[in-house]
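To start, I am sharing the structure in question, which I have written as structure tokens.
The values are calculated or read from the model by the stated rules, or taken from the named source; none is laboratory data. Given the structure is predicted, the values throughout are model-derived calculations rather than measurements. We place every Cβ from the backbone using ideal geometry, glycine too, and count neighbours over all the protein chains shown.
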Amino acid sequence: MHTPPLRRRIRVRSALAAVGVASAIALLAGCSAEPAPASGGGALAGEIVWADYGGPTNKSRQVAYFDSFTGETGVDVVSASFEDAIGFGMLEGGEGDYDLIQVSTDTLLRYQDDILTLPDDVARGDNLPEEVQDHAIGGFTIGIAQAWLTDTFADGGPHDWVDFFDTDAYPGKRAWPGSPGSYDASFEIALLADGVDPEDLYPIDFERATAKLDSIRDDLVFYSSYPEVQTLLSSGSASIAVSVTGQFTALENSGLDLTVQWDQAFLSPNFFVIPKTARNRDNALALADWLADPERQAVFTERTLYGPANTATFEFLDADTVSALPNAPEHTEALYFDEQWRADHLDELSARYAEWLAG
């Protein structure tokens, strides 16, 4: 499978430039506002259980997608907070309550044998990596970056991960992932801070990475859920936070002035998948088409500033919004994970991080 290069110039393509006027119109027509049942031709009924990580991103999905989907179809969309035991159990072929599970690219590559392949008539995300398009629903590109309240550093904050680890030059606590399953870019960040070149991050040297993390352990404030990041920054309990960039967007939407450092930020395509053991498959497939609609994606994108999964969505975004997205053209120093390597080492990544957290 093709893995995007670790460092590459990010290009946002408008729908007209990418596929031409006629193709863009066809794509819009293919993403009709009226979802059809995925099989059998009967009316939809019942519910969909949707497992994600809550917070402002979940609320934005409610506004952009779920309210209208329920209003048109009568299907209830039940939001559940992702639990490792249930989610990964289903991704390994077990039974569970989830119909749609939020995953990153490496997780999809690891568990795709137990993930439903989308039927041919269900819309794909053409702005996602090709190797995930046949399984991915409702995709979006997130950033994992460092950010701070702009007033915290009057002369400017950290420029890269080396600066992040420099607590003398940039004093204060750092908000840091504290859940074993949410190691995000922790090992890669530590290695970059220790002088490893981005092209040499893989295979990950865990001993070197954890030694670097140990060097600032006393300066870290651990969070167990993403929304805690907002509290840690806004209260001053942490001067800098490392998190998914949607948490920073939520603070900006509340009126706070934040600086997000995009140099050496990691960009990660995320999406939802249907485990093969899902109980409400037809409903989930109908919602897949609903989430592919470019106008609805534009609403979600404007609220979260996550990059959209479909190129047609850019037709409905203004230039200021596009420039603020993780995959904006100006974010040329952003990095991508080696998703296949991570997929092959998910167990070790989680186990090593859990071991380090335990001290």
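Any residue at all in region 294-304 that's crowded, with 22+ Cβ neighbours inside 10 Å, touching a residue at least 12 places away in the same chain (Cβ under 8 Å) and over 20 Å from THR105 (Cβ atoms)?
So far as region 294-304 goes, yes, one or more of its residues are crowded, with 22+ Cβ neighbours inside 10 Å, touching a residue at least 12 places away in the same chain (Cβ under 8 Å) and over 20 Å from THR105 (Cβ atoms).
While we're looking at this one, here's another question. How many residues are surrounded by fewer than 18 Cβ atoms within 10 Å (Cβ to Cβ) and either in a helix (DSSP H, G or I) or of a type in the set (Ser, Thr, Tyr) (or both) if we restrict to region 59-87?
Counting residues in region 59-87 that are surrounded by fewer than 18 Cβ atoms within 10 Å (Cβ to Cβ) and either in a helix (DSSP H, G or I) or of a type in the set (Ser, Thr, Tyr) (or both) gives 12.
When you scan region 324-338, do you find a residue that is at pLDDT 95 or above and part of a helix (DSSP H, G or I), even just one?
There is no residue in region 324-338 that is at pLDDT 95 or above and part of a helix (DSSP H, G or I).
Which of the following residues is surrounded by fewer than 17 Cβ atoms within 10 Å (Cβ to Cβ), of a type in the set (Gly, Ala, Ser) and assigned to a helix (DSSP H, G or I): ALA351, ALA343?
Within the list ALA351, ALA343, the selection yields ALA351.
Taking only region 142-159 into account, find how many residues are in contact with an Asp or Glu (Cβ under 9 Å, 6 or more places away or on another chain), exposed (fewer than 15 other Cβ atoms within 10 Å of the Cβ) and either without any contact (Cβ under 8 Å) to a residue 40 or more places away in the chain or within 30 Å of ARG342 (Cβ to Cβ) (or both).
Of the residues in that region, 1 qualify.
Residue check: is THR313 assigned to a helix (DSSP H, G or I), of a type in the set (Val, Ile, Thr) and buried (at least 20 other Cβ atoms within 10 Å of the Cβ)?
Here the answer is yes, as THR313 does meet what is asked.
Next question, about the same structure. Filter region 136-162 for residues that are in the same structural domain as ASP197 (by TED's automatic domain parsing) and in a loop (DSSP other than H, G, I, E, B); which is nearest to LEU191 (Cα to Cα)?
The residue in question is ASP160.
Considering only residues that are part of a loop (DSSP other than H, G, I, E, B), touching a Lys or Arg at 6+ places or on another chain (Cβ under 9 Å) and charged (D, E, K, R), look in region 96-135 and name the one that is farthest from TYR226 (Cα to Cα).
ASP134
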